[in-house]
Every structure is written in C-alpha cells, then in structure tokens.
Amino acid sequence: MYKYLFGPVPSRRLGMSLGVDLVPRKVCSLDCVYCEAGKTTKLTLKRKEYILYDKIIEELTLYFKNNPDPDYITFSGSGEPTLNSRIGDVLKFIKQKSLQYP
C-alpha cells in the first residue's frame, strides 16, 4: 500500500515504530560491511531531495488519517535518510499532523 512508509513494526526499545524511507535503495554516505540492507550501490555525500517531499507527505497524510499514531517514527530503511535535503520539512509536517489526530 505504501511505497515510502513501512510498519509500524514492534520494537523492543521503542514500542510500535513507523518507518519512513527518504532515499532510494542503498543511497548512503557509508558502505558498512554489517549493513542489513546490503552493499551500498550509490556512495555519496550529496544532499538532495532524493524522494520528493510531496510523495512522502501524501503517504504520511493517508497514514495519519487512517491509523493511530505510532509510538515512534523512525527515518531508516534503504539508505542514509539525512541525505534527503527536505528531512527537516518532513519532520515539521509529522509534528503538526501527529498532534492533530489523537
């Protein structure tokens, strides 16, 4: 159903955690041998809007409208989420929306 969201999944530390993926598969600033997602295919330090803000917001809006708030929202998944230049805008949106829907 969602392309950029996954879960929520149970976490021993966090309770129910909704994942948000902000970069395509294996776009990362590191190539860790222990990475659960496998070998990095695009090693970069370049920050840009890898996945469009509007697409992420569309999915988050649908999620918040139809589901209770998760205990936590994590930016993770396929690569390094801080490479997405609009991560701050996504965070602002989540703070506003998650407070609207009890």
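Mind listing just one residue for me: the one in region 63-88 that is charged (D, E, K, R) and at pLDDT below 95 and, of those, farthest from the chain's Cα centre (by Cα)? Among residues in region 63-88 that are charged (D, E, K, R) and at pLDDT below 95, the one farthest from the chain's Cα centre (by Cα) is Lys65. Would you point out the residue of region 32-47, among those that are among the charged types (D, E, K, R) and more than 12 Å from Glu80 (Cα to Cα), that is surrounded by the most Cβ atoms within 10 Å (Cβ to Cβ)? Result: Lys39.
Residues considered: Leu91, Leu18, Leu22, Leu60. Of these, the only one that is in a strand (DSSP E or B) and either under 14 Å from the mean Cα position of the chain (by Cα) or charged (D, E, K, R) (or both) is Leu18. Answer yes or no as to whether Leu5 is surrounded by 14 or more Cβ atoms within 10 Å (Cβ to Cβ) and either of a type outside the set (Ser, Thr, Tyr) or in contact with a Ser or Thr (Cβ under 6 Å, 6 or more places away or on another chain) (or both). Considered against the rule, which asks whether it is surrounded by 14 or more Cβ atoms within 10 Å (Cβ to Cβ) and either of a type outside the set (Ser, Thr, Tyr) or in contact with a Ser or Thr (Cβ under 6 Å, 6 or more places away or on another chain) (or both), Leu5 comes out as yes. Here Ile51 meets each of (1) at positive phi; (2) buried (at least 19 other Cβ atoms within 10 Å of the Cβ) with one exception, condition (1).
The values are calculated or read from the model by the stated rules, or taken from the named source; none is laboratory data. Just so you know, these numbers come straight off a predicted model, no measurement behind them. Every residue, glycine as well, gets a Cβ built from its backbone with ideal geometry; the counts of neighbours run over all protein chains shown.
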